[in-house]
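What follows is a short report on a single structure.
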Amino acid sequence: MSSATPALIAAAAGVGFGHAIMPDHWIPLAVVGRTQRYPIGRVARLSGLAGVAHVLVSLVLGGIIIAVGLQLRSQVESAQNTIVGAVLLATGIGFV
């Protein structure tokens, strides 16, 4: 284990907490629970299920992005200078 591991874990936990308390993550569940008059236990179970599904979908999408990225790595590396130049030009034009 690296000496940076605890800092990385703390940073990931902080980002995860900040992400979880965003209103777009909990308000829909609170509204559904209140309008349907669900008991707090049911809302908690639904929230837990939504959280697990959210993490699993994020992991699957991340894996797909990694797989696609590895397949396209050589094409991107060969066009890297052109891509960076185009992004810089587009950014400059956007600021103008």
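Could you give log10 I(q)/I(0) at q = 0.15, 0.24, 0.25 Å⁻¹ for the chain, computed by the Debye formula over C-alpha point scatterers of equal weight, without solvent?
Those come out to -0.92, -1.13, -1.16, one per q.
Between region 6-53 and region 57-75, how far is it from one alpha carbon centroid to the other, in angstrom?
Each part reduced to its Cα centre gives a spacing of 27 Å.
With every protein chain left in place, what is the accessible area per residue of the chain in square angstrom, probe 1.4 Å?
Roughly 84 Å² per residue, with all protein chains present.
Convert each backbone phi in region 79-88 into a coupling constant with the Karplus relation 6.51 cos²θ - 1.76 cosθ + 1.60 (shift: θ = phi - 60°), then list the ³J(HN,Hα) values in order as whole Hz, x for Gly and Pro.
Values per residue, Gly and Pro as x: 9, 4, 4, 5, 5, 5, x, 5, 5, 5 Hz.
Need one word for region 44-96: rounded, prolate or oblate. Basis is the Cα gyration tensor (sqrt eigenvalues a ≥ b ≥ c); a/c below 1.5 gives rounded, then a/b vs b/c decides.
oblate
Which value at 222 nm does the chain reach when only helices count, each DSSP H run of 4 or more adding -39,500 (n - 2.57), with the total divided by all residues and rounded to the nearest 500 deg cm²/dmol?
Value at 222 nm, helices only, nearest 500: -30500 deg cm²/dmol.
With θ taken as phi - 60° and the coefficients 6.51, -1.76 and 1.60, list the Karplus ³J(HN,Hα) couplings across region 6-13 in order, rounded to whole Hz; mark glycine and proline as x.
x, 5, 5, 5, 5, 5, 5, 5
Counting only protein heavy atoms and using a 1.4 Å probe, what share of the accessible area of the chain belongs to carbon plus sulfur, as a whole percent?
Percent of accessible area from carbon and sulfur atoms in the chain: 74.
SER2 accessible area, nearest 10 Å², 1.4 Å probe?
70 Å²
How much of VAL32 can a 1.4 Å solvent probe reach, expressed as accessible area in Å² and rounded to 10?
My reading of the accessible area for VAL32 is about 70 Å².
The values are calculated or read from the model by the stated rules, or taken from the named source; none is laboratory data. Predicted model only: the values in this text are computed from it and were never measured. Surface areas here come from the heavy atoms of the whole protein model, side chains and all, with no ligands, DNA or RNA. Shrake-Rupley method; radii C 1.70, N 1.55, O 1.52, S 1.80 Å.
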